[in-house]
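What follows is a single structure, written as structure tokens, with notes after it.
The values are calculated or read from the model by the stated rules, or taken from the named source; none is laboratory data. No experiment lies behind these values; they were computed from the predicted model shown. Positions of Cβ are backbone-derived with ideal geometry, glycine not excepted, and every protein chain shown enters the neighbour counts.
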Amino acid sequence: MGQSCSVQPGLSNRVRRKSLKKYFWQFRVVLVGDSTVGKTSIVLRLTEGTFREDLQKTIGVDYYIHILETTPTVRVKLQLWDTAGEREHRTITYSHLQMILGGLLVFDLTNRQSLDYLTNWLDESGTVLEQCKCIFILVGHKSDLSAERQISQEEAEQIAANLGVRYIETSAKDDTNIQEVFRTLASSIAESVKTE
């Protein structure tokens, strides 16, 4: 006969719920990109597990919180700063760069101008970025719209290599690589924090 053991009902669930509330690190992360590239959709897919077609444009900055497991034993609390894409809100974005550890540089794979926006943004914010020593990932969003694609994966990977950042393609609509892009960013930030 096998051994028997007694388990207190519900104990493991309580312990698990309690441990999920704790986190090892807290990182501020900014999402930067042109208007309508899908920054808010990415954040809502991560934080709420939903996708909505009828989102309003972000004005200024919207804030979200998400606790993410980077490994089975490490949880990170992400403060997500979803910034407006319009040019008139860029000064708000620049002021937030001094308080972050990382970010997603988001462009729409079906809109070449959105990639040009990021290039201009990076040129304009160069000195601020050098001071913050932030870790960024270039994100090609809306990968589900492959028939409308204007930027190839190879081109985007080359741009990322030139910038010295990673490149990941995502889709909030079909939930492709949403968890992965934030997990990759959080893990990279954690590694950089450990080595400082």
Considering every residue within segment 165-183, establish whether at least one is out of contact with any Lys or Arg (no Cβ under 7 Å at 6 or more places or on another chain), farther than 19 Å from residue 39 by Cβ and at pLDDT below 95. no
Only one of these conditions is not met by residue 187: (1) surrounded by 13 or more Cβ atoms within 10 Å (Cβ to Cβ); (2) in contact with an Asp or Glu (Cβ under 9 Å, 6 or more places away or on another chain). Which number is it? (2)
